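The values are calculated or read from the model by the stated rules, or taken from the named source; none is laboratory data. Nothing here was measured: the structure is a model prediction, and the numbers come from that model. Every residue, glycine among them, receives a Cβ derived from its backbone with ideal geometry; neighbour counts consider all protein chains shown.
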Amino acid sequence: MKFICIGRNYADHIQELKNERNQEPVVFLKPDTAMLKDNQPFYLPDFSNEIHHEVEILLKICKEGKYIEPQFAHRYFEEIGLGIDFTARDLQNKLKAKGLPWEIAKAFNHSAVVSHFVPLERYPNLYNLNFRLEVNGQIRQQGNTSMMLFDFATIISYVSRFFTLKKGDIIFTGTPAGVAPVAIGDRLQGYIEEDLFFDFQVK
Ligand code: MG
């Protein structure tokens, strides 16, 4: 399986990183070795001093497809979850400044935290979903899917032009404002509405 991730999909987050608003989705991949699931602890890697959390809604792809039209995109995911796109911000900034690809800052081992998944029916309106990240019991990031620049259907349609979607692939749909470094001992809890999706520690 692969992770397909969308960057710069919430205006407030684009602002906080002083990025430009993009006309098309910003896309990058993570390999299956990036997966961190079952509330396993996240171990801070030795190659960065600034690992940021980015809480994001996840879509799980349920069948193979490419060149999917937006109006049919809903047929390709039946479950959603919540995750964290861990980012080595110091590495990313260094690479960005040189105009180089920032893959290693995003796709490293255990950089993709994945919760359990629930059927879409759990949430009648996918485009008005509140989600948040709490760090040590304090709200750090808060978002609502109505604030996405590119909605789920647009994302699926766009990325499937370049990458064949396969059953089991997971899409990270972008993070709202509030990204910040994590530290050893932090406890990270993620919620969609009032449902707890993940709860793990940084070590
Ligand atoms: Mg992200």
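Numbers at a glance
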{"quantity": "Failed item in (1) more than 17 Å from the chain's Cα centre (by Cα); (2) among the hydrophobic types (A, V, I, L, M, F, W, C); (3) in a loop (DSSP other than H, G, I, E, B), with ILE139 passing the rest", "calculated": "(3)"}
{"quantity": "Filtered residue count, region 144-153, keeping only those that are in contact (Cβ under 8 Å) with a residue 24 or more places away in the chain and out of contact with any strand residue (DSSP E or B) (no Cβ under 9 Å at 6 or more places or on another chain)", "calculated": "2"}
{"quantity": "Among the candidates PRO176, PRO124, residue that is free of Cβ contacts under 8 Å to residues at least 40 places away in the same chain, over 18 Å from ILE61 (Cβ atoms) and not polar (S, T, N, Q)", "calculated": "PRO124"}
{"quantity": "Any strands (runs of 3 or more DSSP E) falling wholly within region 146-203 and containing at least 3 residues that are farther than 18 Å from CYS5 by Cβ", "calculated": "187-192, 195-201"}
{"quantity": "Criterion (at pLDDT 95 or above, crowded, with 21+ Cβ neighbours inside 10 Å and either within 21 Å of VAL27 (Cβ to Cβ) or of a type outside the set (Ser, Thr, Tyr) (or both)) met by exactly one of LEU100, LEU120, LEU188", "calculated": "LEU188"}
{"quantity": "Test: residue in region 103-115 that is within 14 Å of the chain's Cα centre (by Cα), farther than 21 Å from ASP186 by Cα and outside any helix (DSSP H, G or I)", "calculated": "yes"}
{"quantity": "Hits in region 48-66 (condition: more than 16 Å from the ligand (Cβ to nearest atom) and touching a helix residue (DSSP H, G or I) at 6+ places or on another chain (Cβ under 8 Å))", "calculated": "ASN49, ILE61, CYS62, LYS63, GLY65"}
{"quantity": "Any chance VAL55 is crowded, with 22+ Cβ neighbours inside 10 Å and either farther than 28 Å from ALA153 by Cα or not small (Gly, Ala, Ser) (or both)", "calculated": "yes"}
{"quantity": "Residues (of a type in the set (Phe, Trp, Tyr), touching a strand residue (DSSP E or B) at 6+ places or on another chain (Cβ under 6 Å) and within 15 Å of the ligand (Cβ to nearest atom)) located in region 76-127", "calculated": "PHE86"}
{"quantity": "Pairs with Cβ under 8 Å, 6+ apart, first in region 1-22 and over 17 Å from GLN92 (Cβ atoms) and hydroxyl-bearing (Ser, Thr, Tyr), second within 15 Å of the ligand (Cβ to nearest atom) and at pLDDT 85 or above", "calculated": "TYR10/GLY143; TYR10/MET147; TYR10/MET148; TYR10/LEU149; TYR10/GLY174; TYR10/THR175; TYR10/PRO176; TYR10/ALA177"}
